[in-house]
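Undergrad: Here's a structure for you.
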Amino acid sequence: MCTLCGFRNSPAAAFCESCGAKLAGSAAAPSVQRRERAQKPARPAPAREKGRMRKPEGGSRFEPWQIVSAVAVLALVVVVFYMLMPGDQGSAPRTVPTPDPQAAASMAQIDALQQAVDANPRDTASRLRLANLLHDHGMVPRAIDHYNEYLELEPADPNARVDLGICYDQLALQDSLNAPRYFALALREMETVAKNSPTHQPAAFNLGIVNLHMGNLEESNKWFRRAVELDGSSELGMRAQNILQKHTFPQ
């Protein structure tokens, strides 16, 4: 009988069949600790995931398809960067534009004339040359300022006044919002010349041009015919005849 739990064991038992305690008078036997180790279940073998084996510790953490995708994206980035680089690959080397000597000379002349009129505002000859140069080089607003300054000192100069009217006409063609005002200023200057100098052909011809730009076909034809009457063999007279053939207003 077991002295611990009272279980009645067989005479040959060395350990209690109920609690496992060593029975009195039994032969030497394995210790409980060793017995317990022997009864522990074996560690299970590594399991396989469905469809693939578990990756070993310390190995690559990327799948082959991930590596291929990363390489493809990197290649695409390189191609796009190459395409966006400035300049045409393989094209002829770029060169610095060659300065226009004539334009540079004209600008130097404009600067010199500006200094002259700044030093002497009553220098009408320099101011008129300055206005004409500015007009020729498309600096219309500055040209208008100098034509007006000049005409304050020389109000009877018909050519300068017609040129001023041409500048206003050009501004009207460039600025549709303010076109009516600029056209009115152009007509005012040219009509002043036509009134004070009835035989001034440039005034008549340019009055035809301004009215044509304004869409006043009948009025423009009147002034073109007047330019032809004044001198049909001159350059302006022949130009007026050519315009009349293309834009004749029905009588």
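The values are calculated or read from the model by the stated rules, or taken from the named source; none is laboratory data. A quick note: this is a predicted structure, and the numbers were derived from the prediction, not measured. Here the Cβ positions follow ideal geometry from the backbone for every residue, glycine too, while neighbour counts run over all protein chains shown.
Undergrad: Residues in the stretch 226-248 that are more than 20 Å from PRO158 (Cβ to Cβ), in contact (Cβ under 8 Å) with a residue 12 or more places away in the chain and assigned to a helix (DSSP H, G or I): how many? Working first, answer last.
TA: Of the residues in the stretch 226-248, the ones more than 20 Å from PRO158 (Cβ to Cβ) are 232-233, 238, 241-248.
Keeping just the survivors that are in contact (Cβ under 8 Å) with a residue 12 or more places away in the chain gives 241, 243-244, 247-248.
Keeping just the survivors that are assigned to a helix (DSSP H, G or I) gives 241, 243-244.
Total meeting the criteria: 3.
Undergrad: Any residue at all in the stretch 182-194 that's part of a helix (DSSP H, G or I), hydroxyl-bearing (Ser, Thr, Tyr) and within 30 Å of ASP118 (Cβ to Cβ)?
TA: Within the stretch 182-194, one or more residues are part of a helix (DSSP H, G or I), hydroxyl-bearing (Ser, Thr, Tyr) and within 30 Å of ASP118 (Cβ to Cβ).
Undergrad: What about TYR168, is it touching a Cys at 6+ places or on another chain (Cβ under 8 Å) and assigned to a helix (DSSP H, G or I)? Working first, answer last.
TA: Details: touching a Cys at 6+ places or on another chain (Cβ under 8 Å): no; assigned to a helix (DSSP H, G or I): yes.
Spelling it out, it is not the case that TYR168 is touching a Cys at 6+ places or on another chain (Cβ under 8 Å) and assigned to a helix (DSSP H, G or I).
Undergrad: Just checking, which of ALA186, ALA203 is crowded, with 22+ Cβ neighbours inside 10 Å and in contact with a Lys or Arg (Cβ under 9 Å, 6 or more places away or on another chain)?
TA: Going through ALA186, ALA203 in turn, the sole match is ALA203.
Undergrad: Right, next: Any chance the stretch 76-92 includes a residue that's farther than 27 Å from ASP136 by Cβ and modelled with pLDDT of 70 or more?
TA: Checked the stretch 76-92: at least one residue is farther than 27 Å from ASP136 by Cβ and modelled with pLDDT of 70 or more.
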